[in-house]
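Let me begin by presenting the structure, written as structure tokens, before commenting on it.
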Amino acid sequence: MKKFWALFFWFWPLVALYVCLIAPSRGWWFPSEPLSTLGHQIDGLFYLILIIVTVTFVGTQAALGYALWKGATKGSSQKAWFSHGSHKLEIIWTIVPAFVLVFISLTQLDVLADIRVLSKFPDSVQNSPVAEVMARQFEWRIRYPKPGTKLMNEPQPGDLYFVNEVHVPAAVPTMINLRTQDVQHAFFAPRLRVKQDAVPGLIIPVWFEIEKAGEYELLCAELCGWGHYKMKARIIADSQKGVDEYLTRLELEQNEDGVADAEASAE
Amino acid sequence: MATITPALDTHDHSHDHAHGHHEQTFIQKYVFSTDHKVIGIQFLITTILMLMVGGALALAVRWQLAFPWESMPLIGRVFGLFHGEGGQISPEFYTMLFTMHASVMIFLVIIPVLAGAFGNFLIPLQIGADDMAFPVLNMLSYWFMWPAIFCFGVSFVASGPTAGPGNGWTSYPVLSDLAAAAPSSGAAQTWWLFGLTLVGVSSMMGSVNYMTTIINMRAPGMTLFRMPLTIWSMFITAILQAFALPVLTAAGFMLVFDRLSELLPTTIHSVFFVPAGIIVNNAAPTVGGGQPLLWQHLFWFYSHPAVYIMLLPAMGMVSDMLACMSRKPVFGYKPMVYSMAAIAGLGFIVWGHHMFTSGMNPALGMTFMTSTMMIALPSAIKVFNWIGTIWDGNIQFNAVFLNCAAFVALFIVGGLSGIFMAAVPVDIYFHDTYFIVAHFHYVLFGATLFGVFAGIQFWFPKMFGRMMNDKVAKVHFVLTFIGMNGTFFPMHLLGIAGMPRRYADPYLHGYLEHLLPMNQFMTISAIIMGFAQFLLLGNFFYSIFRGQKAGRNPWGANGLEWSAPSPPGHGNFDVPPVCYRGPYEYSSPEAEALGQDFILQTTAPPAGVQRVAVHH
């Protein structure tokens, strides 16, 4: 029975590893490859940490299992190893993990700066948000500036509005201004690896570069009330031309007063 | 404290106490008792019962995630709350479920079971004192739990039976601040805050007591570095608690003032957390100049250290039990102490890692990332030392040991998954997904609760003079271990797949639809795990009355508590203890000379050996 317990503590990490190993083929992994430039960097860091963590996991669980196995196979007449520890070992297992942790920490800094530090944002997006994304319970309200003008923090006459659909150009850096009208929300685009809280009272610039045209999920990642789960929206990345056409169409629709149609149908 | 001379005084004193012959009524003895052991057991039984409440809430959460919008057992039909909806719960009810699951588990189970139950029971016994420094304060710390439980209880129904507090245990404003923001943000939220504050009052009374007791009331010879690691962990936890808690209490009152400002005189009309111009649910725009991030800073300034309050005592207890069950000294006693101190110290400067996506200054994010990475270091040192403690030991494979080994094995998982979240860019993806849910359950359930299960089993004979059944405890261990991993391990994968937490129905989003079968598997595992706790409950209560009788020292352990009778009478020790050595001298040559593999801290060295008068 003693050996059973030692094997038990060897066995479950193997199951855990196996599950992780088959996970990507079963769809239990990232929803897709990262589809933004920053996403690639984030995933790269994830896999770096994953390797370090897996090695540590295997090493420590194997050592724990081995210590149990040693105890299980020890004759009851044999005495335990009387030891209060080892200064040398303590130094080794303090310094080695310290270096690894500092190393991990340092590898993160540049990417973090690229994502968050305003002055590190690509020049082309500095101070030129394409849209304002205003979260509210439980939808996303998008405000574009009137084509040919700049987005202002305060709504302007001629601004274009739409709900739950953000149109942005693909293959170029894009910046949006994130706000909330009521409680806290978070802008989460899983395939783009973008997440940023929308904080009441703040305007937070968020930038990303979507690599290919297409549709990407946008959801809320900060508890915002009973309907938190249903803040479902889309980010639609298109060529600059496509976005311009969309905005022109939107402007037409928004300024449509119905009169032209009435005249047309009267004739 | 380090010399033997004061022993005579202590002797007389505890003698008086133990045989004082003042008759106690039943109520004085078992209800409003000032005896630390009774208070500890009161805390223990209360928290075990609350564990079942919190577990039931968790199972309801799991039900919804596995079988969304299907008739919920019990809540849906029997209680008739959602009879009109065919038993289908409402989304706001779901937000209440996870909010109260977390609140109950954190504030009414984990914190009080470690500090309240084990801290109370063990501190005087392990340091050789006859009781706590402030027995009445100690009694109050328990009895302040009940108003807290009452407030949490009222909060379930204060805004109607289907709208309990539902803003998460973190209760971020503005959602938790403006009553119009959600059905759960009305009176329920206020009652919840009162409950939280009262738990804080209880904890604070406890921690003041623990610090004083540990500093002042150690038995002769019990130097700081002869204290069991349990005592070190309780001491460090008490310090953390005492310095972090006031911040939460203050934040709680600020939120209460914000919320009640319409009822209170205008002089304390506050808007600490509400900026101007917020329009919630078409209510009038708010007037103010508050800052919601302030709450996050204040809340996490307490609640991150609180994470260690929920872990450190278990670390100390497990160190004690692993040494005993491996019949070996703790490997690296001083590094263990220093690493706990380091965890506590660093614990004060890492709170910002909860706010990596909050929009705070990125320079702060970098600082918090580095400090958070560094807090993994003392945790790693502890893991290595635990493995070193087991290494080449004479392992007793009983339920105590198995639960402790599980503590180490699962803490490794929880620690390693933390590294992903400490790294800000990676955390940006994982923040508020199931990855974090996996992480903290591995730490709080995998580590702390398994440590608690072991601790209950280990100190049970000292509490009740009887043993718990080892076979039943092993079945409980296996079922809980399998159920635990089956429930929480897949959560890592859900997190990687991008499933956000706190979603009543994640499958609304196409990219999460295929995760339903996995969630069903997890729910089945959770049900197994939940029902396995009845084995613990049954074993616990049955053994109180029918367990095999135990002597003073059934495990052959070294601590002072094992020199007292089981259970110890009022005043604890029949022979006032004098401490002659460290707590982990298992298999030492000194012990061998006595023909055994342990040597009680109270065993006097052979005549002529002057070890006691060493000043540290």
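The values are calculated or read from the model by the stated rules, or taken from the named source; none is laboratory data. These figures come from a predicted structure and were not determined experimentally. Note that each Cβ is placed from the backbone with ideal geometry, even for glycine, and that neighbours are counted across all protein chains shown. Note: accessible area is taken over every heavy atom of the protein model, side chains too, but ligands, DNA and RNA are not part of it. Shrake-Rupley method; radii C 1.70, N 1.55, O 1.52, S 1.80 Å.
With r defined as the distance between the Cβ atoms of B:HIS514 and A:GLN240 and R0 fixed at 25 Å, what FRET efficiency is calculated, to the nearest 0.05?
It comes to 0.15.
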Subject >> Amide H partners (placed H, <5 Å) of B:ARG466, local residues excluded >> reply: B:ALA550
**OP:** Could you list which residues have their amide H under 5 Å from that of A:CYS220, counting only those 5 or more apart in sequence or on another chain, with H placed in the peptide plane?
**Re:** A:MET231
Original post:
In terms of the Cα gyration tensor, with a ≥ b ≥ c the square roots of its eigenvalues, is segment B:110-156 rounded because a/c is under 1.5, prolate because a/b exceeds b/c, or oblate?
Top reply: oblate
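Return one quarter of the surface area of the convex hull spanned by the alpha-carbon atoms of segment A:123-256, equal to its mean projected area, in nm².
That works out to 7.7 nm².
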Original post:
Cα atoms only, chain B: Rg and Dmax in Å?
Top reply: 24.8, 84
Original post:
How high is the relative contact order of segment A:123-256, in percent, with contacts defined as C-alpha pairs under 8 Å that are six or more residues apart?
Top reply: 27
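In Å, what Kirkwood hydrodynamic radius results for the protein assembly as shown from the alpha-carbon pair distances?
That comes to 28.9 Å for the protein assembly as shown.
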**OP:** Give me the lysines in straight-line cross-link reach of A:LYS74: C-alpha distance below 20 Å, same-chain residues under 8 apart excluded.
**Re:** A:LYS2, A:LYS3, B:LYS328
Original post:
How many nm is it between the label spots at A:LYS88 and A:ARG141, if each spot is 7 Å from the Cα in line with the beta carbon?
Top reply: 7.0
Original post:
How many percent of DSSP beta bridges within chain A run antiparallel, rounded to 5?
Top reply: 75
Original post:
Amide H to amide H under 5 Å from A:SER239: which residues, 5+ apart in sequence or cross-chain, H placed 1.01 Å off N in plane?
Top reply: A:ALA170
**OP:** Work out the FRET efficiency for B:LEU49 and A:LEU118 from their Cβ-Cβ distance, taking R0 = 56 Å, and round it to the nearest 0.05.
**Re:** 0.60
Subject >> Distance (nanometres) between label positions extended 7 Å along Cα→Cβ at B:ASP505 and B:ALA604 >> reply: 7.6
Subject >> Solvent-accessible area buried by B and A, counting both chains, probe 1.4 angstrom, square angstrom >> reply: 8700
**OP:** Set the Förster distance to 35 Å, then compute FRET efficiency between B:ALA242 and B:LYS334 from the Cβ-Cβ distance, nearest 0.05.
**Re:** 0.90
Original post:
Over chain B, what is the relative contact order in whole percent, taking alpha-carbon pairs under 8 Å and six or more residues apart?
Top reply: 17
Subject >> Per-q log10 I(q)/I(0), chain A, q = 0.08, 0.10, 0.15 Å⁻¹ (Debye; single scatterer per alpha-carbon; no solvent) >> reply: -0.52, -0.70, -1.14
**OP:** Starting from the Cα gyration tensor of segment A:42-179, take the square roots of the eigenvalues, sort them a ≥ b ≥ c, and report rounded, prolate or oblate (rounded when a/c is under 1.5, otherwise prolate if a/b is larger than b/c, else oblate).
**Re:** prolate
Original post:
Which angle between 0 and 90 degrees, to the nearest 10, do you get for helix A:240-255 versus the longest principal axis of chain A when only C-alpha atoms count?
Top reply: 50
Original post:
In terms of the Cα gyration tensor, with a ≥ b ≥ c the square roots of its eigenvalues, is segment A:19-76 rounded because a/c is under 1.5, prolate because a/b exceeds b/c, or oblate?
Top reply: oblate
Original post:
Roughly how tilted is helix B:362-390, in degrees to the nearest 10 and between 0 and 90, from the longest Cα axis of chain B?
Top reply: 40
Subject >> Rounded to 5, the percent of DSSP beta bridges in segment A:123-256 classed as antiparallel >> reply: 70
Original post:
Which whole-Hz ³J(HN,Hα) couplings does segment B:303-320 yield from phi under the Karplus relation 6.51 cos²θ - 1.76 cosθ + 1.60, θ = phi - 60°, glycine and proline marked x?
Top reply: 6, 6, x, 4, 4, 7, 4, 7, 10, 3, x, 5, 4, x, 4, 5, 4, 4
**OP:** With everything on Cα atoms, drop me the angle between helix A:37-73 and the longest principal axis of chain A, reported from 0 to 90° to the nearest 10.
**Re:** 20
Subject >> Partner lysines for A:LYS88 [C-alpha distance under 16 Å; skip if fewer than 8 residues away on the same chain] >> reply: B:LYS334, B:LYS382
Original post:
Which value in deg cm²/dmol, rounded to the nearest 500, describes the helix-derived mean residue ellipticity at 222 nm for the protein assembly as shown, given -39,500 (n - 2.57) per DSSP H run of n ≥ 4 and division by the residue count?
Top reply: -17500 deg cm²/dmol
Subject >> Note, ³J(HN,Hα) from phi for segment B:148-165, Karplus 6.51, -1.76, 1.60, rounded to Hz, x at Gly and Pro >> reply: 5, 4, 4, 4, 4, x, 4, 4, 4, 10, 4, 9, x, x, 9, 9, x, x
**OP:** Enumerate lysine pairs in segment A:123-256 that are 8 or more residues apart or on different chains, then count those whose Cα atoms are under 24 Å apart.
**Re:** 7
Original post:
How about segment A:224-254: which of its residues lose at least 10 Å² of accessible area in the presence of all protein chains relative to their chain isolated, using a 1.4 Å probe?
Top reply: A:GLY225, A:TRP226, A:HIS228, A:TYR229, A:LYS230, A:LYS232
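What does DSSP give for the protein assembly as shown in terms of the percent of beta bridges that are antiparallel, rounded to the nearest 5?
75
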Subject >> Rounded to whole Hz, the Karplus (6.51, -1.76, 1.60) HN-Hα couplings of segment B:537-551, x for glycine and proline >> reply: 4, x, 4, 4, 6, 5, 5, 4, 9, 10, x, 5, 5, 10, x
Original post:
Measuring from label point to label point, each 7 Å out along Cα→Cβ, what is the B:THR367 to B:ASN281 span in nm?
Top reply: 3.8
